[in-house]
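Working notes for the structure below.
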Ligand SMILES: Cc1cc2nc3c(=O)[nH]c(=O)nc-3n(C[C@H](O)[C@H](O)[C@H](O)COP(=O)(O)O)c2cc1C
């Protein structure tokens, strides 16, 4: 049975570098893909209303479907451009809305707040040749401590500002995309296998 993989795309350009990285990554293996586009969904930001300190979940139901897929899937692929060393605002809004899981863990004592462990891979594109995606990865790792996720790898396509030939630049990270996709697929398969046998 194919794993169910959630993809979350964080950029506004569907013909851009990060979109193409996501297409190439998902071509590497068989899965049932459930796709979310942060700009298209345009979820509300967290308002720190503190509802989630007293009840599990979020007072705003706009992300209910997202959270259900996030908790049930066998793996997650995040693909995004780097904006000001971090994620574009609509993607950052999604990450901030994970606060409900932090509250579940530390105010409601849910251990763990999400039952199923899932691997995550991060695909980034960045204008600067020096950008390594460290801040974005650190943000995710903080969130993953309360969402039962594990960052299995990242591919960063840097130096896009000076590039006019998109396929040629992406070809430079093709081997990394293939090896990270293989690592991710194995991790997701392990989870699918164990959850079907437990
Ligand atoms: C608002 C904004 C902020 C950006 N900030 C950064 C940055 O901090 N570091 C960097 O390397 N590139 C930065 N960039 C460049 C993008 O990361 C780069 O163009 C990226 O490859 C675009 O990806 P896409 O083709 O998937 O849209 C920024 C671009 C925009 C529009």
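Bear in mind that the values in this text are calculations on the coordinates, not laboratory data. This structure is a prediction, so every number in the text was calculated from the model and none was measured. Here Cβ is always computed from backbone atoms with ideal geometry, including for glycine, and neighbour counts include all displayed protein chains.
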Q.
What do you get for the angle between helix 134-147 and the principal long axis of the chain? Use alpha-carbon atoms, 0 to 90 degrees, nearest ten.
A. 30 degrees
(Q) At 222 nm, what value in deg cm²/dmol follows for the chain if DSSP H runs of at least 4 each add -39500 (n - 2.57) and the sum is divided by all its residues, to the nearest 500? (A) -12500 deg cm²/dmol
Q: Taking 7 Å along the Cα-to-C-beta vector as the label spot, tell me the residue 44-residue 110 distance in nanometres, rounded to one decimal.
A: 1.9 nm
**Q.** the range 1-48: C-alpha gyration tensor shape, a/c 1.5 cut-off, then a/b vs b/c
**A.** oblate
Q: For the chain, find the longest principal axis of its Cα atoms and tell me its angle to the long axis of helix 17-26, 0 to 90°, nearest 10.
A: 70 degrees
Q. What percent does the relative contact order of the range 80-189 come to when contacts are Cα pairs within less than 8 Å and at least six residues apart?
A. 29 percent
Q) If you take every DSSP beta bridge whose two residues both sit in the chain, what share of them, in percent to the nearest 5, is antiparallel? A) 5 percent
Q: Take the Cβ-Cβ distance between residue 51 and residue 4 as r, set R0 to 25 Å, and report the resulting FRET efficiency rounded to the nearest 0.05.
A: 0.30
Q. How many nm separate the modelled label positions at residue 96 and residue 64, each set 7 Å beyond the Cα in the direction of the Cβ?
A. 2.3 nm
Q: Report, in degrees rounded to the nearest 10, the 0 to 90 angle that the Cα long axis of helix 174-196 makes with the longest principal axis of the chain.
A: 30 degrees
Q: For the range 150-198 and the range 1-71, compute the distance between their C-alpha centroids and round to whole Å.
A: 17 Å
Q.
Once you place label points 7 Å from the Cα toward the Cβ at residue 85 and residue 186, how far apart are they in nm?
A. 3.4 nm
Q: Bin all alpha-carbon pair distances of the chain at 10 Å intervals from 0 and give each bin's fraction as a whole percent.
A: 9, 36, 36, 16, 3, 0
Q | For peptides 82-93, 163-174, sequence by mean Cβ density within 10 Å, most packed first | A | 82-93, 163-174
(Q) Over the chain, what is the relative contact order in percent, taking alpha-carbon pairs closer than 8 angstrom and at least six residues apart? (A) 25 percent
Q: Apply 1/(1 + (r/R0)^6) to the Cβ-Cβ distance of residue 193 and residue 165, taking R0 = 41 Å, and write down the FRET efficiency to the nearest 0.05.
A: 0.50
Q. Share of antiparallel DSSP beta bridges in the range 68-158, in percent to the nearest 5?
A. 5 percent
